[in-house]
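The values are calculated or read from the model by the stated rules, or taken from the named source; none is laboratory data. Remember, predicted model here, so these are calculated numbers, not experimental data. Every residue, glycine among them, receives a Cβ derived from its backbone with ideal geometry; neighbour counts consider all protein chains shown. These area figures cover heavy atoms from the full protein model, side chains too; ligands, DNA and RNA do not enter into them. Shrake-Rupley method; radii C 1.70, N 1.55, O 1.52, S 1.80 Å.
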Amino acid sequence: MKNFLIPKDTENRIRQAIRFFWNTRDGQILRQEENSVHDQGNRGAVTGGKQLDGFLELIRQILIENEVAEGIIFVNKKLELPGFFRPTKKWDLLVVDREKLILAIELKSQVGPSFGNNFNNRTEEAMGSALDIWTAFREGVFKNSNPWLGYLMVLEDCNNSSSPISIRSSHFSVMKEFENSSYIKRYEVFCNKLVLERQYNAACFLTSRRDSAQTGDFNVPNEQLSFYAFLVSMLSAVFTYHAAKGNV
């Protein structure tokens, strides 16, 4: 592996993943309505669990194009990793080579209307997963391998997510970055702090409107959280691992 490669058509591939996200999500809701299965609110699209598969395939293909053996990339099975506070946790994509954990990636999404409770759930999940795996790493669970952790979030861009939300804090002032913040801003701050505090090595945060099913349009609220920045960090970790094996 002489150097890592970011494909020239990466933006088009992201658009394909966004189109897949919206079309799959809408298809899940339609099928459940046809089958008379009614989850609360938009939970029907969440419980389907396939709408982010376009991003999984995109990441998998880019890893393969960067000389990562297909056999050590796991996306559909064997995704459980041991933890410290719980026996195991299932991730969305792993790269495991010769009993060494190289990459572990978590993909999440949120679509309205219930942004408040779901924001709290998403942040607690991400922080808990990071604490669990890094504590297990400290205890030598991963046989001295130093894994790279990635977090990717896709959020619906709509009035409910882009408008400032009031904050209630009865006893103390909230941090200034959260004052008059929308859910889009809160997710941006959150993902940035995940990396700043070294809970994840890289985070990607994309927003997209519901009418992007045909165009695949998306926004990047913070370039430091772009998919390109995410790829550079991930592929740098792969390059470092190859170098350590003497394969440069």
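Residue 168: open to solvent by 50 Å² or more (accessible area, probe 1.4 Å) and at pLDDT below 95, yes or no? Against the criterion (open to solvent by 50 Å² or more (accessible area, probe 1.4 Å) and at pLDDT below 95), residue 168 qualifies. Taking residues in region 130-149 that are more than 18 Å from residue 105 (Cβ to Cβ) and basic (Lys, Arg), and partners anywhere that are open to solvent by 20 Å² or more (accessible area, probe 1.4 Å) and outside any helix (DSSP H, G or I), the pairs with Cβ atoms closer than 7 Å and at least 6 places apart or on different chains are 143/99; 143/100. Does residue 17 fit the bill of being under 19 Å from residue 151 (Cβ atoms), part of a strand (DSSP E or B) and modelled with pLDDT of 85 or more? Answer is no for this residue. In the set (1) at pLDDT 95 or above; (2) over 22 Å from residue 12 (Cβ atoms); (3) of a type in the set (Gly, Ala, Ser), residue 243 fails one condition alone, (1). Counting the residues of region 131-152 that are in contact with an Asp or Glu (Cβ under 9 Å, 6 or more places away or on another chain) and at pLDDT 95 or above gives 4. Residues in region 60-99 that are open to solvent by 90 Å² or more (accessible area, probe 1.4 Å) and either more than 17 Å from residue 131 (Cα to Cα) or in a strand (DSSP E or B) (or both): 67, 70, 76, 77, 78, 80, 90, 98, 99. Filter region 199-240 for residues that are open to solvent by 10 Å² or more (accessible area, probe 1.4 Å), under 16 Å from residue 21 (Cβ atoms) and in contact with a Gly (Cβ under 9 Å, 6 or more places away or on another chain) and give the result. Residue satisfying the conditions is 210 alone.
Taking region 135-152 only, how many residues are outside any loop (DSSP other than H, G, I, E, B) and open to solvent by less than 20 Å² (accessible area, probe 1.4 Å)?
Residues meeting the conditions: 7.
Does at least one position in region 220-229 carry a residue that is under 27 Å from residue 66 (Cα atoms), among the small types (Gly, Ala, Ser) and free of Cβ contacts under 8 Å to residues at least 40 places away in the same chain? Looking for residues that are under 27 Å from residue 66 (Cα atoms), among the small types (Gly, Ala, Ser) and free of Cβ contacts under 8 Å to residues at least 40 places away in the same chain, one finds at least one in region 220-229, hence yes.
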